Amino acid sequence: MKTLILHGWGGSDAPHWQAKLACKIAKNYGTVSFPLLDNCHFPTKNRWIKQVGQILDDFKPDTVVCHSLANTLWFWLCNESNMTEIKRLFMVSPPSLKTKEKTIKTFFPCPLPKNIYAKEVYILVSDNDPWVTLDEAKEMASHYDADFSIIHNAGHINADSGYGKWELIEQLVIGEKHDKKL
């Protein structure tokens, strides 16, 4: 199993759960790519699309784990690129598709793609995420018939909200539970 981990705006270095997940996969002799995307504090959609498109072509992952803005990036890749279907897509804390933040304005608004290019889609959100409403997250999950999990009081599910080591995502991505519903 080859896993690609894509961070959001500003990166996801330690102690973020994505950094911990990458280490856990590598520690268990898994194949993982956790690239630092170009200019992560001031990202542009076209630059990230080009960079991740090349990574997808070269690395050919079975599983992709997105956090925050990486989910929007995945939607753009699905809308604009020649994508190959992956086995599993984990979408954690996708932001509103109508986000108005100036620093990341090239990513928004973003249309939902017709095809998500994943056989299995898992969407995990918090009930108090400042970047998306539960209704919008549920709409995304429904659109793709995704497994949908709500984590209570988890903020944006990042290091700032206490998500360093996150056993649930580790179990889902590398554990026995990945073939079961959330």
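Brief remarks follow.
- Asn158 meets all of the listed conditions (1) at pLDDT 95 or above; (2) touching a strand residue (DSSP E or B) at 6+ places or on another chain (Cβ under 9 Å) but one, namely (1).
- Extreme residue, farthest from Met83 (Cα to Cα), among residues of the range 126-173 that are crowded, with 21+ Cβ neighbours inside 10 Å and in contact with a Pro (Cβ under 7 Å, 6 or more places away or on another chain): His156
- Subset of the range 8-33 (residues that are without any contact (Cβ under 8 Å) to a residue 60 or more places away in the chain and either assigned to a loop (DSSP other than H, G, I, E, B) or within 25 Å of Ile49 (Cβ to Cβ) (or both)): Gly10, Gly11, Asp13, Gln18, Ala19, Ala22, Tyr29, Thr31, Val32, Ser33
- Residue in the range 108-120 that is crowded, with 23+ Cβ neighbours inside 10 Å, of a type outside the set (A, V, I, L, M, F, W, C) and either farther than 20 Å from Leu36 by Cβ or at pLDDT 95 or above (or both) present: no
- Within the range 102-122, residues that are under 17 Å from Asn79 (Cβ atoms) and assigned to a helix (DSSP H, G or I) reach partners that are of a type in the set (D, E, K, R) and modelled with pLDDT of 95 or more with beta carbons closer than 7 Å, at six or more positions or on different chains, in the pairs Thr106/Lys45; Phe107/Lys45.
- Inspection of the range 65-73 finds a residue satisfying the criterion of being of a type in the set (A, V, I, L, M, F, W, C), crowded, with 16+ Cβ neighbours inside 10 Å and out of contact with any Gly (no Cβ under 9 Å at 6 or more places or on another chain).
- Condition met for Ile5 (crowded, with 22+ Cβ neighbours inside 10 Å, under 16 Å from Phe90 (Cα atoms), over 13 Å from the mean Cα position of the chain (by Cα) and of a type outside the set (Phe, Trp, Tyr)): no
- Qualifying residue in the range 87-100 (condition: assigned to a helix (DSSP H, G or I), free of Cβ contacts under 8 Å to residues at least 60 places away in the same chain, within 22 Å of Trp131 (Cβ to Cβ) and in contact with a strand residue (DSSP E or B) (Cβ under 6 Å, 6 or more places away or on another chain)): no
- Here Pro130 qualifies as in contact (Cβ under 8 Å) with a residue 12 or more places away in the chain, part of a loop (DSSP other than H, G, I, E, B), over 15 Å from the mean Cα position of the chain (by Cα) and closer than 26 Å to Tyr163 by Cβ.
The values are calculated or read from the model by the stated rules, or taken from the named source; none is laboratory data. Predicted model only: the values in this text are computed from it and were never measured. Every residue, glycine among them, receives a Cβ derived from its backbone with ideal geometry; neighbour counts consider all protein chains shown.
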